[in-house]
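S.K.: Structure below; questions to follow.
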């Protein structure tokens, strides 16, 4: 059963990157080329999602070939509902960011963004740790150059910080997987999950290393690697600087997609391989989730820079994903809790998609504001902009309300399902985490009030409303927010069956 | 298409049409919105007159995981019982009148299109609450009502006060919703369902177990948090007076007649859950009583006509909540029903006074309006007497139903209720006398004249139910009322009311300024100040702490230490790289010698 669908999909943006690099240096041409490939990838992904047999679920479009036989490394790709969800998100946010790039569509930037997309698509389809890790780490290279696009010293420092943090986390993860390979002789994630499911992985590890705590060490290494990427507080300090110093379209990619690699890793690597350890470590893990949620929310409340507010708010929102995943792990596998675990897992997957979409949209709007204000983006630099820019206010308002979880928009469904599930599984943690929902409302409403309402700040006598091109850039995202919010079942059917496989 | 769908979706369609297409055509937008609400009204009357209308004829699955083999379905469905039908009539009838009134009141407003879109969105959300047949649907529309209220309070967003008031309202509601959501989740965990009918059937088996009682108490108190937020009960009442920054018709519809009553409606809807915990009902009764009395006290010292009415709304909502707490949900719904009409009437009357005095809201800058606004005067009087609970007006019947229930429950609640009744008569007399009688105290008040027909006609149409809605023959068509027993309570309550009127007339007749000043009441018990001090400062502090932790402790202490540790190690190791070949050779040789030494002598 060999086909090339996923490989082809992964290499469409790569081909795009090569082509764009060879194009003559004309902005419009480069922009059109980049967008053309991005939309082609989107079309291919949508076709794949439609082709996917939802009723059957499980991994499909599998490609499995020997790659480095000496080390038992296979080229092994496949996609289930989770992968498809992230492929879709990647293919939606990438053209969105390319559109938002506007004037900055240089050959260098567009090429990098397409390269980044390839690494993302690769990460979300690879089922062998080695090339999963290859893509995962390769994504840092374009990300690094994109963050320091502006070229300021601060941007370079932020990019370096991001690079080193993530790289160190990656090393910890690599060491963990080398130990697993030593013990089991395979890097195949599906085989390893099967071993773990039969309770053999831990035994294999302790037998190979003659040390019973080795599993914990390996788990810790992999967790650290993913925790930096998500990020989990206190491994988050690279994030606010990176999101703030990067130009808005790059922040869209960072928050919309790169942070999802971490959550994806938790679901694809950590939860299937260490369900037992995650069950035993539920208290500290839930504590990590709570700290991430509550700290993120309060820190966002304390910021005075629009981008930093949204950066911390992203930490908070991803904290809900952690809450859902760790609550599921804490529940074990009693069949009575199946409904709640399924609800929480569905919620986590929805939240991954919703946060990617909404946070990207909000960064896009902040980018629009920055281009009008000459880079100014302090919370108190504006005031009353709604008078001059009603469309900007209305559309950004919708995105912010989506972020604070208003029913009818996308954010609500995921968060509510996470809370529904985790409240039944771990009531205390969920109740505490709900404080985050309230704080989120507080800082997002404050943002609307300071920036858009109240008397017009006289310094912005002219503040043009969104142009037609800008409206077209954000319109699909806004439409999707409504679509998912009103009819979540549309998205849920894509991964509903996969949810059962993801539950430990 | 079945009527309930039409009732619910006509306003949504109107809101969507206005936002997407007719923003530029203000009058067209207004007409679309008015037409939508009239359609909803007509369909509601149709539903009301069709006695055999089956509830939940159509259900739309919203979330459905049943393909996973788990019981998880959440539909959008309809409840059609006596209570929801009565609520439908209240919401659509008052809604329709207020839409029409708004045509006049907002005639010159720049943002007329957004205003009517907001009203339509509100109607949709409110009707969703009325129809909800499960907790999740109620919660969804509950939040939507909150956001439409937010939009409408902030209608004049370019002014400072409304933009703050809108935020305050949404945030207070969100605090309440936080509890409400936990309450819903608790009930969901216990009964495995959010559907009201299913919960009703599973609950008896749970309550048979005494260990369930504390759980039920926590759940009911959490659910009640939703009411505290939405119906502005103590201690979250602070948002409602500020919400008066919105246009007056909005205050009438949302912040007096319908939305704020949603909290009471919700409690009555899930009363079968509420009554499982006596302790939680005590909490509800006490919170309601505190609100009823406290708000009445604050109302006596307010000078803004709309704020007086806002505090009176708080106080009346307190009565309704108290009624639920003393096991009289019927009394609560009865008062909700009559209050909706007379309070909407009072607000619209206030609106016409405000317009006549060129947007003046201070009652001490009005006066002598009785000659100039006779229709407003008479209709306002009807509303005032109904609010005071004077015999023959609707408020009399419903307020007495609550007071009777309270008197049977606990004397303290009853006395507090009576005191609030006295205060109500007093502050409304103050308001009425100062606004309509005496000399015109400003130029604007001197030149006032009656408002146009689109504005006074709704007043007249609302005055009728304000008088008659409580009559037993009429209310029985809409709602079940508490059994009428022979009681002394109505006489005592009427006595309190008359005393309040007398006191008010003596104190305020012919005055040009307030003869009494009680700082504690005028400053609303300093709640806003205390909250500002506690809530905002604490949050600010927490925010600062987290910022500090990030910047200094994690970043500097841990990360920088690690980083400088690495650099330090590199720095020390660098000294080993001299770049001197001879020295390297010497060290190499030394190493070889050492190695041999160890191998040979340490076997």
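S.K.: Does residue B:501 meet the test of being under 15 Å from residue B:401 (Cα atoms) and in contact with a helix residue (DSSP H, G or I) (Cβ under 8 Å, 6 or more places away or on another chain)?
M.R.: Values: under 15 Å from residue B:401 (Cα atoms): no; in contact with a helix residue (DSSP H, G or I) (Cβ under 8 Å, 6 or more places away or on another chain): yes.
Taking the combined requirement at face value, the residue does not satisfy it.
Residue by residue, here is whether (1) touching a residue at least 40 places away in the same chain (Cβ under 8 Å); (2) surrounded by fewer than 21 Cβ atoms within 10 Å (Cβ to Cβ); (3) touching a strand residue (DSSP E or B) at 6+ places or on another chain (Cβ under 6 Å) holds:
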residue	(1), (2), (3)
A:277	yes, no, no
A:280	no, yes, no
A:283	no, yes, no
A:287	no, yes, no
A:292	yes, no, no
A:302	no, no, no
A:309	yes, no, no
A:315	yes, no, no
A:318	yes, no, no
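Per-residue answers, yes or no, for (1) more than 10 Å from every other protein chain (Cβ to nearest Cβ); (2) touching a residue at least 24 places away in the same chain (Cβ under 8 Å); (3) surrounded by fewer than 24 Cβ atoms within 10 Å (Cβ to Cβ); (4) part of a loop (DSSP other than H, G, I, E, B):
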| position | (1), (2), (3), (4) |
| --- | --- |
| A:418 | yes, yes, no, no |
| A:422 | no, yes, no, no |
| A:432 | yes, yes, yes, no |
| A:435 | no, yes, yes, no |
| A:462 | yes, yes, yes, yes |
| A:490 | yes, no, yes, no |
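S.K.: Which one of these is facing another protein chain (nearest Cβ under 10 Å), touching a residue at least 40 places away in the same chain (Cβ under 8 Å) and touching a helix residue (DSSP H, G or I) at 6+ places or on another chain (Cβ under 9 Å): B:122, B:196, B:131, B:178?
M.R.: B:178
Every residue, every condition in (1) modelled with pLDDT under 90; (2) outside any helix (DSSP H, G or I); (3) within 14 Å of chain A (Cβ to nearest Cβ); (4) within 25 Å of residue B:293 (Cβ to Cβ), yes or no:
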| site | (1), (2), (3), (4) |
| --- | --- |
| B:171 | no, no, yes, no |
| B:174 | no, no, yes, no |
| B:201 | no, no, no, no |
| B:205 | yes, no, no, no |
| B:216 | no, no, no, no |
| B:221 | no, no, yes, yes |
| B:224 | no, no, no, yes |
| B:234 | yes, yes, no, yes |
| B:240 | no, no, no, yes |
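S.K.: Would it be correct to say that residue A:273 is under 21 Å from residue A:83 (Cβ atoms), more than 20 Å from the chain's Cα centre (by Cα) and at pLDDT below 95? It would help to see each step written out before you state the result.
M.R.: Values: under 21 Å from residue A:83 (Cβ atoms): yes; more than 20 Å from the chain's Cα centre (by Cα): yes; at pLDDT below 95: yes.
Taking the combined requirement at face value, the residue satisfies it.
S.K.: Now for a separate question. Filter the stretch A:392-414 for residues that are out of contact with any strand residue (DSSP E or B) (no Cβ under 9 Å at 6 or more places or on another chain), facing chain B (nearest Cβ under 10 Å) and in a helix (DSSP H, G or I); which is nearest to residue B:114 (Cα to Cα)?
M.R.: Once the filter is applied, the top-ranked residue is A:394.
S.K.: Somewhere in the stretch A:452-460, is a residue outside any helix (DSSP H, G or I), at pLDDT 90 or above and under 20 Å from residue B:185 (Cα atoms)?
M.R.: There is no residue in the stretch A:452-460 that is outside any helix (DSSP H, G or I), at pLDDT 90 or above and under 20 Å from residue B:185 (Cα atoms).
S.K.: From the list B:463, B:522, B:469, which one is touching a helix residue (DSSP H, G or I) at 6+ places or on another chain (Cβ under 6 Å) and under 30 Å from residue B:365 (Cα atoms)?
M.R.: On the way: B:522 fails: touching a helix residue (DSSP H, G or I) at 6+ places or on another chain (Cβ under 6 Å); B:469 fails: under 30 Å from residue B:365 (Cα atoms).
Testing whether each residue is touching a helix residue (DSSP H, G or I) at 6+ places or on another chain (Cβ under 6 Å) and under 30 Å from residue B:365 (Cα atoms) leaves just B:463.
S.K.: When you check residue B:165 against the structure, is it part of a helix (DSSP H, G or I), within 11 Å of chain A (Cβ to nearest Cβ), surrounded by fewer than 24 Cβ atoms within 10 Å (Cβ to Cβ) and touching a residue at least 24 places away in the same chain (Cβ under 8 Å), yes or no? If you could, list the steps in order and put the result at the bottom.
M.R.: On the way: part of a helix (DSSP H, G or I): yes; within 11 Å of chain A (Cβ to nearest Cβ): yes; surrounded by fewer than 24 Cβ atoms within 10 Å (Cβ to Cβ): yes; touching a residue at least 24 places away in the same chain (Cβ under 8 Å): yes.
So residue B:165 fits the description; yes.
S.K.: A further question follows. Does residue A:155 satisfy the criteria of being modelled with pLDDT of 90 or more, over 24 Å from residue A:352 (Cβ atoms), over 21 Å from the mean Cα position of the chain (by Cα) and crowded, with 18+ Cβ neighbours inside 10 Å?
M.R.: Here the answer is no, as residue A:155 does not meet what is asked.
S.K.: Residues that are farther than 18 Å from residue A:258 by Cβ: list the helices (runs of 4 or more DSSP H) wholly contained in the stretch A:128-196 that include at least 1 such residues.
M.R.: Numbers: elements: A:129-138, A:140-147, A:153-184.
Passing ranges, in order: A:129-138, A:153-184.
S.K.: Report, by residue number, each residue of the stretch A:300-313 that is within 14 Å of another protein chain (Cβ to nearest Cβ) and either under 20 Å from residue A:82 (Cβ atoms) or touching a helix residue (DSSP H, G or I) at 6+ places or on another chain (Cβ under 7 Å) (or both). Lay out the reasoning, then the answer.
M.R.: We begin by selecting, within the stretch A:300-313, every residue within 14 Å of another protein chain (Cβ to nearest Cβ); these are A:300-305, A:308-309, A:311-313.
Across the stretch A:300-313, the qualifying residues are A:300, A:301, A:302, A:303, A:305, A:308, A:309, A:311, A:312, A:313.
S.K.: Just name the residue that is modelled with the highest pLDDT out of those in the stretch B:525-578 that are within 30 Å of residue B:295 (Cα to Cα) and within 8 Å of chain A (Cβ to nearest Cβ). Talk me through it step by step, then tell me what you get.
M.R.: If we filter the stretch B:525-578 for residues that are within 30 Å of residue B:295 (Cα to Cα), which is where we start, we get B:525-540.
Pick out the ones that are also within 8 Å of chain A (Cβ to nearest Cβ) and you get B:539-540.
On the way: B:539: 70, B:540: 74.
Restricting to residues being within 30 Å of residue B:295 (Cα to Cα) and within 8 Å of chain A (Cβ to nearest Cβ), the top hit is B:540.
S.K.: Here are some conditions: (1) in a loop (DSSP other than H, G, I, E, B); (2) within 14 Å of another protein chain (Cβ to nearest Cβ); (3) surrounded by fewer than 24 Cβ atoms within 10 Å (Cβ to Cβ). Residue A:236 meets all but one. Which one does it not meet?
M.R.: Single failed check for residue A:236: (3).
S.K.: List every residue pair whose Cβ atoms sit under 6 Å apart, with the two residues 6 or more apart in sequence or on different chains, where the first one lies in the stretch B:464-493 and is within 15 Å of residue B:331 (Cα to Cα) and the second, anywhere, is at pLDDT below 85.
M.R.: Note: pairs meeting the criteria are B:475/B:481.
S.K.: Restricting attention to the stretch B:140-158, which residues are more than 7 Å from chain A (Cβ to nearest Cβ) and out of contact with any strand residue (DSSP E or B) (no Cβ under 8 Å at 6 or more places or on another chain)?
M.R.: The answer is B:142, B:145, B:146, B:148, B:149, B:150, B:151, B:152, B:153, B:155, B:156.
S.K.: Next question. Being part of a helix (DSSP H, G or I) and within 14 Å of chain B (Cβ to nearest Cβ) is the filter here; which residues of the stretch A:464-480 pass it?
M.R.: A:471, A:475, A:478, A:479 - these are the residues of the stretch A:464-480 that are part of a helix (DSSP H, G or I) and within 14 Å of chain B (Cβ to nearest Cβ).
S.K.: Further question: Out of curiosity, is residue A:203 modelled with pLDDT under 90, part of a helix (DSSP H, G or I), more than 19 Å from the chain's Cα centre (by Cα) and closer than 15 Å to residue A:265 by Cα?
M.R.: No.
S.K.: Just to be sure I understand, how many residues within the stretch B:60-113 are away from every other protein chain (no Cβ under 14 Å), farther than 27 Å from residue B:34 by Cβ and surrounded by fewer than 19 Cβ atoms within 10 Å (Cβ to Cβ)?
M.R.: Of the residues in that region, 2 qualify.
The values are calculated or read from the model by the stated rules, or taken from the named source; none is laboratory data. Just so it is clear, the structure is predicted and the values come from calculations on it, not from any experiment. Every residue, glycine among them, receives a Cβ derived from its backbone with ideal geometry; neighbour counts consider all protein chains shown.
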